[in-house]
1. According to a simple spin-label model (label point 7 Å from Cα along Cα-to-Cβ), what is the distance in nm between residue 213 and residue 286?
2. So how much slack lies between residue 275 and residue 308, counting 0.36 nm per residue of separation and subtracting their Cα-Cα distance, in nm?
3. R0 = 35 Å: FRET efficiency of residue 50 with residue 320, Cβ-based, nearest 0.05?
4. Report the semi-axes of the equivalent ellipsoid for the chain in whole Å, largest first, where each axis is √(5λ) for an eigenvalue λ of the Cα gyration tensor.
5. Could you please rank 290, 297, placing first whichever residue has the fewest other Cβ atoms within 10 Å of its Cβ?
6. How big is the gap, in Å, between the Cα center of region 82-157 and the Cα center of region 48-73?
7. Report the full-extension gain for the segment residue 136 to residue 202: residue separation times 0.36 nm, less the Cα-Cα distance, to one decimal in nm.
8. If I model region 72-219 as equal point scatterers sitting on the Cα atoms and use the Debye formula, what is log10 I(q)/I(0) at q = 0.18, 0.21 Å⁻¹?
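Throughout, read-outs are computed from the coordinates displayed, never taken from laboratory work. Note that this is a predicted model, so its numbers are computed, not measured. Note that we place each Cβ from the backbone using ideal geometry, even for glycine, and neighbour counts take in every protein chain shown.
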Ligand code: TXA
Ligand code: MG
């Protein structure tokens, strides 16, 4: 599994050509997008898509996002392109927005896990766009991590978790956004938010009106967007969320863990939490106080604390304002409250 460094701003031709050739012969290439690293395969090659599911250990019922170079490419994969899709694409593509639309029969069933819809996105990353242009096929790319684990925001994260199962990794450095795209379903009567993410409902609603929000999703409904399955985005360590008012209890939990020989890390956000006696914490990370900065750092911090051998990671809860919704969702799913 070679890793090739590429200039994230102005990718060199040679590594991109090599990556495109691998995609066109049915191989798997990990590449950076603005959100997280994706593991790419030719969306029109059923055998390649099957290899992709196998490499990730992804359940066969969890559909993939087809990445395309522009809205024109997206339209070739769908049966219907409503006005709302036009408005959202014009406003946010290339960017961290995924649209779910009725699927064209041209796309192999496996891509959409048998659903009648397909998810499409134009990523805002020069390396991803160069690869899409060079390969000239749509590329399905789930986050390049084993199913349910923390998504990769650096090439090293991909190497460590999936290295041997990938034909090539394009290393374009750390990703800028840090959490996954927002998924909006435009296939029904009313636009629905299937996965909160990098773009907040505040940013999207001026273009589509009110977005129907997902309730707690379980059972059959979870299969409509399996990214909403409860436990997901989870590090090896046990993750516990606490509100600043619960800091004392959280530190008692940390002390018990440390006394039992465990290693404890913490992601703190407020001065109040940072001010308490943090003696039982071996690894304290002061997180950025703005949502964009927090999202950018979150997965790399979780990967690092896992690598440092943390058994318990305490995470101070984040605000409930719309820009934090994607982060809140990922933290909840990574935490014990989602362990089914
Ligand atoms: O930012 C991102 O979206 C990253 C980068 C690599 O583009 N990709 C990503 O892919 O997060 P993945 O496979 O980890 O998550 C795709 C999400 C899942 O929640 C999946 O269930 C949902 O999109 N999805 C895909 N196709 C769908 C469909 N037809 N209907 C409903 N949800 C769909
Ligand atoms: Mg994922």
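1. 3.2 nm
2. Extra length from residue 275 to residue 308 when fully extended: 9.5 nm.
3. 0.30
4. The equivalent ellipsoid of the chain has semi-axes of 34, 23, 18 Å.
5. The order, fewest Cβ neighbours first, is 290, 297.
6. Centre-to-centre (Cα) distance: 8 Å.
7. Stretched out fully, the residue 136 to residue 202 stretch lengthens by 20.4 nm.
8. -1.24, -1.53
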